[in-house]
Each structure stands twice: as structure tokens, then as C-alpha cells.
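The structure appears right after this line, and notes come after that.
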Amino acid sequence: MKKRIRKTRLIRAGIQLLFFILAPSLFSTAFAGVRSIFDSISQGTPVEWNSFLDITGILVLATILFGRHFCGYACAFGSLGDALYETFSWFWIKVLHRKKKPAYPEKAVYFMQKIKYVILAAILLACATGTYGKLQGTSPWDVFSMLRAGRLPGASYKVGVLLLVLIMIGMCTQERFFCQFFCPMGAVFAILPIVPGALLKRDRANCPQKCGACKKRCPAHLDIDGDTSRSGECICCHACQAICPKQNIHTGDA
Amino acid sequence: MKNQNFYMRVLCLVVIIGAVLFYNSRTQEKEYQTQNEELTKRVDALEKQQQEILTALQENFDVQEKAKAESEKQKTETTKSEENADSTENTDSAENADSAENADSTENADSTENADNTETATSTDTADPVYKDGTYTGDGQGFGGNIQVQITIADDTLTDIQVVSAEKEDSAYLSQGKAVIDPVSWKPRAQM
């Protein structure tokens, strides 16, 4: 079983690295597409299809059909979070001799998962009222993509740098900290209708009593049960599938 | 119900897409209306102008005709007094006058046209070319790195802008920028 977990983790890390190098700006481009819709509302012009919406459209369609695999495998910001969390967990266990990886209690996670909708609404409201332009320099994503492009952010990006540092600290304390708590694009993906066949389901009848390994492993503390009110939180990391002692978790309508 | 969350979300998505489409149709209607108003205003102005020009021409024509008629009268009077002119001759002269008038008016029109032509010609001729013809390349700092742009100048006007290389730029953002240098969008502004 350990071998299987290791294998899925390595495959995922490889794909994440590949996307981090080849297409690191997909997440912000996709969100720029969402923003562009509300920008045109602020200008009173009709919403026109643009090159940002190409990316948004492709990712939204892929998410509807296959689940949030983009979040789990391709998003550069999510990969950054995974890298930080894994590094810090290693340090936490090996150096500080703690027993468990750092994680928040279930209730706190459930509560904080709702914050991202507030952030999404606030950003889109700022776009629709035309005040988004004044928030230049506050986006941690801008700072991230600047650093990635090998540029140092200027003095006007103080707020963005501060937010990015705070987010990176948070990323160490909880798996997928930013994705499930604050990511506005994640909020968009989480409310999308995902084809039920693409969601992970478990054969509950076959589950050992009081196992719950999948829920404990899940970065979003999800009950793996197909279509639920919170199934949009699943970022398709497939960790539950790997950890299930009875291999009870599958996609599809079986 | 099975998959009720999925159906609810589909409904939400359809509502959102519907809202955007509704918004689009409304704004487009408004845009068409304002365009319509602008166009009708312009057409009205042009009609007024045309009317003014026509009346001016008519007045001019009338004045000329009067003058001609008077001179004809004087001529015929003199011919009458000098010789016993026939009625046929009279009509001849009248015809002649007519043709002359016609010729005059056409000539007039021609001359005005010519004047216009020469004016425009001289204006382009006399203005010294500010920009030398040819292609020029320049470099600039983009978000990801260097961006090289090539422009072409022909007949003292900018005819083409090409992004030669922008290797480190994100394609979605770059194509947004390229839309700005699209000749269709910048040519009218450049002429103003």
C-alpha cells in the first residue's frame, strides 16, 4: 500500500513540475478571463470573447467534464502550495519530531472554505464598479508571476508581497491552504457543475467500520461520496484513492 | 433525488450565462441606438449642407443667367439696330448663347474641381516627409522579458506594426496587447 501511495504521489509531482515549467500562468490567465467579463460591465460595453476567456473556457469545460484536475495537477500556485507544505511537513516531523503532519481541525477547514467566495465576490464587485484598477499592486498572484518571470516587484507591490508571504506561511500549515480557503478561481471551479460520473465515489458497503482514512487524508476533509453539496471542493488529487485500504474509491457511476 | 447538487449547479450556470447574454443584448441595443442617433444627426447635417450648396449654386446660376440675358438683349438690340435681323438668326444666337452658357457652367464646375484637386495635390507635395520610408526595429521591456517590435513606414505613414519576438510573454496577455496595434484600430486615431 505504501508503494501505491508513493507511486501516485510521484506521478502527480512530476506532472505538477511539468506544468509549473511549461504553463505557469494558466490560473491567473483564467481568472483574468472571469474578471474581463465584469470589467466590460463597468465600462458598459458588451462582453466580448478574448484570449483570456479562451483559457477560462477550456479550464471550465475540462472541469465540468473531468473534475478539478487542473487544480490538483496543473495549477502552478497549487503546486507551490504542495511543495511548501511537503517541505514544511518533512521539517515538522523529522526535525521537530512531531507525530502528524500539520493540519487544521475539520470545523475550521469547513468554515474557512467559505472565505474564497467572499474574496471572489469582492474582486468581481471591484471589477464591475471599476475600482479594480486602483488595486494595482495588491495581488499576490502578480507578485508570484513577476518572481517566476525573474523580475523583482517594485515598491508599488508592497501589499502584494506582504500577502504572498502570508499565503506562503499559511501554505506550510495546511495542505492546499490557499486553494480551498482563498483562491477566487477555486471558488469559480467549486461552484461549477461537475458531471457526476467524474466525481470520486466510494462503495460504502465495503468500507471497514470506523475507517475514514480517505476523509482524514483528504486535504479538504471531504466525505468521498460522489455528488454532495461540498463535492466541488475536491481538487482531484486522488490521495483518497491511493490511501484506501480496500481500494474502494473510484470514479464513474459504478 | 440523485445528483441534485449537480442539477442545481447546472441551473446556476445556465442562469449566469443567460444573464451575460441578456446584458450583452441590452448593451448592444443601446450601442446601436446611439450609433443610429449619431448617424441620423450626421445625415441631417449633410443634408443641410447639401441644401445650402444647392441654393448657393442656384443663386449663382440665376445671377449669371440674368447677366447673360441682359447682354444678349443688348447684343440683339445692337444687331437689330445695325441690320435687319431675321427671326432665325435670333434663335440661332439664342441657341449659341445657350450652348455658351452650358459650356460656361460645365467649365465652371470643372474649374472648381480642378482647384480642389490642385489644392490637395499641393498639400501633399509641399509637406516635407517627416518620417523616412523603411522598416525600423525597436526593443522594449515586457512583463517577462525583451519584446522586439518592427514597424514599416511608407509614404510618410505608419503602415505596419509587427511583434518580432516576445519569447517570455504569456500568449493570452500578448494577444491582448497585439489587439491594440491592429491597423484597423489605430489607423483612424493616427489620422486624427
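Overview of results
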| item | result |
| --- | --- |
| Yes/no for residue A:152 being touching a Gly at 6+ places or on another chain (Cβ under 8 Å) and either part of a loop (DSSP other than H, G, I, E, B) or open to solvent by 30 Å² or more (accessible area, probe 1.4 Å) (or both) | no |
| Qualifying residue in the range B:28-39 (condition: part of a helix (DSSP H, G or I), closer than 30 Å to residue A:196 by Cα, of a type in the set (A, V, I, L, M) and modelled with pLDDT of 90 or more) | no |
| Residue list for the range A:168-197, restricted to those being of a type in the set (A, V, I, L, M) and open to solvent by less than 20 Å² (accessible area, probe 1.4 Å) | A:171, A:185, A:187, A:190, A:192, A:194 |
| Set B:46, B:21: member being at pLDDT 90 or above and within 14 Å of chain A (Cβ to nearest Cβ) | B:21 |
| Check on residue A:130, open to solvent by 40 Å² or more (accessible area, probe 1.4 Å), on the phi > 0 side of the Ramachandran plot, assigned to a loop (DSSP other than H, G, I, E, B) and not aromatic (Phe, Trp, Tyr) | yes |
| Hits in the range B:140-170 - residues which are outside any strand (DSSP E or B) and touching a strand residue (DSSP E or B) at 6+ places or on another chain (Cβ under 9 Å) | B:166, B:167, B:168, B:169 |
| Filtered residues of the range A:45-84 (kept if among the β-branched types (Val, Ile, Thr), farther than 19 Å from residue A:195 by Cα and in a helix (DSSP H, G or I)) | A:55 |
| Residues being of a type outside the set (D, E, K, R) and within 29 Å of residue B:27 (Cβ to Cβ) - total across the range A:45-76 | 17 |
| Selection count where residues are more than 14 Å from chain B (Cβ to nearest Cβ) and closer than 22 Å to residue A:15 by Cα, scope the range A:206-248 | 13 |
| Residues (of a type outside the set (Val, Ile, Thr), assigned to a helix (DSSP H, G or I) and farther than 25 Å from residue B:27 by Cβ) located in the range A:21-44 | A:22, A:26, A:27, A:28 |
| Residues being among the charged types (D, E, K, R) and closer than 23 Å to residue A:144 by Cβ - total across the range A:69-117 | 3 |
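The values are calculated or read from the model by the stated rules, or taken from the named source; none is laboratory data. Since the model is a prediction, treat every value here as computed from it, not as a measurement. No Cβ is skipped: glycine too gets one built from the backbone with ideal geometry, and neighbour counts run over all protein chains shown. Note: areas computed on protein heavy atoms with side chains; ligands, DNA, RNA excluded. Shrake-Rupley method; radii C 1.70, N 1.55, O 1.52, S 1.80 Å.
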